[in-house]
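First up is the structure itself, then whatever we jot down about it.
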Amino acid sequence: MTPRHFLTLKDLSKKEFKKILERAAELKQAQHKGVIYQPFIGKVMAMIFEKSSTRTRVSFETGMAQLGGNALFLSPNDTQLGRGEPIEDSARVISSMVDIVMMRTFSQQSIENFAAYSSVPVINALTDDHHPCQLLADMQTYIEHRGSIQGKRVVWVGDGNNMCQSYMHAAEMLDFELLIACPKGFEPCSTLLNQLSSHVTLVRDPTVAISGANLVATDAWASMGQESESELRKKAFSGFQVNEAAMGLAAADALFMHCLPAYRGLEISETIMESQWSVVWSEAENRLHSQKALIELLLK
């Protein structure tokens with residue numbers, strides 16, 4: 001039987017997306033009550049990291065343990081992937097020994113190739129193009145604090161990066177309005193913009209975008225692999241900081257999110273993470289619960 005993969009949010013139906021969010025809330029409540037739920041005793045997840053991580057590793061490793069399984073941490077330094085073995089060969093071998101694979105890498109094409117040769121489900125835990133697991137957590141967090149996101153105004157401030165592009169998919173699937181405020185030269189994929197134009201609008205002025213917003217989200221200006229562009233990006237993104245003045249333009253019940261790690265004084269002010277709008281810490285924790293719901297869907 002062909003395994004079920006999760007490489008972008010579009011690998012879920014709209015119904016499945018909503019079901020995962022509902023299930024994530026149930027799993028969170030159960031975990032907070034100390035309920036032991038271990039449907040996957042004996043199951044093993046391979047966690048392949050070509051990009052370093054804090055939240056991704058902790059949430060997936062903890063999640064598999066709580067579900068009764070085990071997780072193996074694999075880095076390029078520890079495997080033949082780092083010595084030039086074809087990704088197709090690694091996929092065949094690794095998937096023959098484990099039950100599910102989580103991969104955090106640079107190229108979307110790499111994870112697509114791995115999944116094509118894997119005999120078990122593959123989860124995209126971040127590529128340069130998409131970060132669908134974070135969107136599961138973000139949407140769970142909004143619903144947890146404010147209820148349905150349908151019809152709401154969501155603003156992405158900053159680079160049209162992997163997070164932005166996953167927000168674009170979420171806008172269409174959960175039926176909310178997404179405004180992307182980014183400087184010229186840092187737009188998301190033009191094909192995706194055209195495909196999702198009914199739900200996504202590109203603007204240049206972040207204050208115009210944030211005015212009346214229900215949710216404002218941002219990310220670091222320079223992601224992993226872009227360190228050499230740091231100074232250039234600081235100049236390009238001047239004026240795109242999310243701070244108290246900007247959030248003061250949003251709706252009265254607006255929320256602020258950041259996928260972390262955050263750089264205070266750059267894409268955000270020094271204090272916005274601790275402000276009345278911030279749900280960043282709930283958002284981070286919800287990586288655990290939403291990914292457990294995803295693993296459950298893929299393994300069951």
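Quick rundown of the values:
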item	result
Given (1) under 19 Å from residue 119 (Cα atoms); (2) modelled with pLDDT under 95; (3) touching a Leu at 6+ places or on another chain (Cβ under 9 Å), index of the condition residue 6 fails	(2)
When residues of the stretch 213-259 are limited to those that are under 19 Å from the mean Cα position of the chain (by Cα) and free of Cβ contacts under 8 Å to residues at least 24 places away in the same chain, the one nearest to residue 133 (Cα to Cα)	222
Selected residue (only one of 267, 283 is in contact (Cβ under 8 Å) with a residue 12 or more places away in the chain, of a type in the set (D, E, K, R), in contact with a strand residue (DSSP E or B) (Cβ under 6 Å, 6 or more places away or on another chain) and under 17 Å from residue 142 (Cα atoms))	283
Matching residues, the stretch 244-286, being farther than 28 Å from residue 25 by Cα and surrounded by fewer than 16 Cβ atoms within 10 Å (Cβ to Cβ)	244, 245, 248, 263, 264, 265, 270, 271
Wholly enclosed strands (runs of 3 or more DSSP E) of the stretch 78-181 bearing at least 3 residues farther than 24 Å from residue 241 by Cβ	100-104, 122-124
Residue within the stretch 16-32 that is hydrophobic (A, V, I, L, M, F, W, C) and free of Cβ contacts under 8 Å to residues at least 24 places away in the same chain present	yes
Residue list for the stretch 242-254, restricted to those being within 21 Å of residue 205 (Cβ to Cβ) and of a type outside the set (S, T, N, Q)	242, 244, 245, 246, 247, 248, 249, 250, 251, 254
Condition check for residue 204: surrounded by fewer than 23 Cβ atoms within 10 Å (Cβ to Cβ) and under 18 Å from residue 135 (Cα atoms)	no
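The values are calculated or read from the model by the stated rules, or taken from the named source; none is laboratory data. Just so it is clear, the structure is predicted and the values come from calculations on it, not from any experiment. When we count neighbours, we look across all protein chains shown, and the Cβ atoms used for this are built from the backbone with ideal geometry, even at glycine.
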